[in-house]
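Quick notes on the structure that follows.
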Amino acid sequence: HAVLQNGVLTLAPLTGILPGGNITASASLDATKEPAAAAWALNAPALALGPVLKSFGQPNNAQGTMRVALNATGTGDSLHDILATASGQLGLASVNDVVDGAVLGSLFGPVLRADALPDTMVTAPGPVPVRCFALRVDATNGSGTISTISLDSGRLQVQGNGHLNFGDETLAIALLPTIPGTPPEAGTPVMLGGTFTTPALTPNPNATSMTNTGDICPAALTLGRLGNPGPAAPAPASTAPAVSGTTPAAPSGPKNLLNLLNGQ
């Protein structure tokens, strides 16, 4: 419950059961300080993917769960100011899931097209096994470092890292998409730059901080879980399954990778 006492608003540790699973959250805002000081935390060890994807306007016929952990602090007299000074961590991690191909197309289709990779096979309707997905963001005084954006699925593998600046709302994220069954050199890094409201994707072949060989899941999951233990991803398939079908029409108001990072 929320308590306001002596200028401090506190949301006591709250544990609830959402359609997607259990969640624990807490928050506080100390208005006696100048500027005001805020703190918030959220932990959900196993949110069902279906309701989570539905909340972002994606097809909800998914199987599996996602671990979510967030803890952060900031100061300011507006939400923008608080985010511009935010320090903390965000981690997402999941293993052994199944999503619809339209989800991959909505999130990563623009990245594939910017890299001149065929996206029809990736976005074709139908279930897609996902070995692992992980995201880790560490923020210090409004500057966020993305140590991993990793996806390993039956149709697409993506590795990424970079930076977010919550003060001037700018992006500098390198993404390396690879389609299973294609030569490793077929995918080259793509830079997601610009701002939160006007992002821009451009090829960035000079980026050398990523590799598209080996199993990306173990290290990515450790980062996404903020170092906490969890189940391992299933063994990687030796070959990608064949995919058939036509590319579905884009859903109304599609959400891309940047929207998910911004929580929109």
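Read-outs: derived from the displayed coordinates by stated rules, not from any lab. Nothing here was measured: the structure is a model prediction, and the numbers come from that model. Here Cβ is always computed from backbone atoms with ideal geometry, including for glycine, and neighbour counts include all displayed protein chains.
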Nearest-0.05 FRET efficiency for residue 6 and residue 96, computed from C-beta distance (R0 41 Å): 0.30
Extended-chain gain in nm, criterion 0.36 nm per residue less alpha-carbon gap, residue 25 and residue 73: 15.9 nm
Per-bin percent of Cα-Cα distances, the range 46-85 [5 Å]: 6, 21, 16, 11, 10, 17, 14, 5, 0
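How much FRET efficiency would the formula 1/(1 + (r/R0)^6) give for residue 145 and residue 195, where r is the Cβ-Cβ distance and R0 is 22 Å, rounded to 0.05?
On the way: r = 18 Å, r/R0 = 0.82.
The pair residue 145/residue 195 has a calculated efficiency of 0.75.
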